[in-house]
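Working notes, beginning with the structure itself.
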Amino acid sequence: MNTEETKAPAEETQAAPAPQQRGGRGPRRDGNRPGRGPRREGGRRNETPVEEGPQLMEKVVYVNRCAKVVKGGRRFSFSALIVVGDQKGKVGYGFGKANEVSDAIRKGTDAAKRAMKKVTVVNDTIPHETYSEFGGAKIVLKPAASGTGLVASAKVRSVLEAAGVTNIIAKSLGSSNAANVVKATMQAMLSMRTADQVLSARGKKKKDASI
């Protein structure tokens with residue numbers, strides 16, 4: 001009897017067991033067993049953004065914090081003054097209140113979008129000098145030549161930039177209250193008229209106007 005043939009089956013039966021993995025995942029599933037399906041290509045869906053009209057500029061002019069003292073301590077609430085404009089002659093402002101800053105800004109932005117109005121902008125400036133008062137705020141706006149830039153405070157600048165004015169000289173003479181300054185600036189922008197608008201209101205044309 002051949003000894004090599006008798007040793008071969010003994011070696012096959014004494015095969016070493018497969019090493020077990022500690023703390024790892026179990027063996028991978030076969031292709032026939034149910035499991036996760038194939039991953040989608042690209043991860044997320046390729047969705048094209050939907051444009052909702054012209055791009056608007058949103059500026060946070062002022063955020064105020066109010067504290068109310070109660071039995072358990074103090075409760076804070078916030079109010080935000082927002083200016084929104086399309087930089088093409090339409091601008092509006094809104095005031096929002098909430099218990100969180102983000103909610104107050106969102107409410108103010110929605111209110112400003114609803115209150116947008118058309119203002120007069122000629123060659124990136126205003127047609128003439130104007131003066132406006134609202135409460136204790138007093139605003140003077142003067143047209144400027146191209147290249148002058150926006151010479152104005154931050155509160156007045158926010159309204160002028162949102163309206164699309166790039167060359168102007170402005171001065172705040174009264175109160176520095178943010179809400180009153182913004183309202184006075186809006187009032188000044190809405191009060192301006194071009195020469196053609198004034199003549200058309202009188203029933204005349206520009207050619208017929210006598211200087």
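Has the range 141-153 got at least one residue that is in a helix (DSSP H, G or I) and crowded, with 16+ Cβ neighbours inside 10 Å? The answer is no, given that none of the residues of the range 141-153 is in a helix (DSSP H, G or I) and crowded, with 16+ Cβ neighbours inside 10 Å. Quick check on this structure: which one of LYS113, LYS183 is more than 19 Å from LEU56 (Cβ to Cβ) and charged (D, E, K, R)? Answer to the selection: LYS183.
The set of residues from the range 96-140 being aliphatic (A, V, I, L, M) and part of a helix (DSSP H, G or I) comprises VAL101, ALA104, ILE105, ALA111, ALA112.
When the test is whether a residue is under 22 Å from SER79 (Cα atoms), modelled with pLDDT of 90 or more and not in a helix (DSSP H, G or I), SER158 does not pass it. Is there a residue in the range 127-138 that is of a type outside the set (D, E, K, R), under 25 Å from VAL63 (Cβ atoms), without any contact (Cβ under 8 Å) to a residue 40 or more places away in the chain and surrounded by 14 or more Cβ atoms within 10 Å (Cβ to Cβ)? No - not one qualifying residue is present in the range 127-138.
The values are calculated or read from the model by the stated rules, or taken from the named source; none is laboratory data. Note that this is a predicted model, so its numbers are computed, not measured. All Cβ positions, glycine included, derive from the backbone under ideal geometry; neighbour counts span all protein chains shown.
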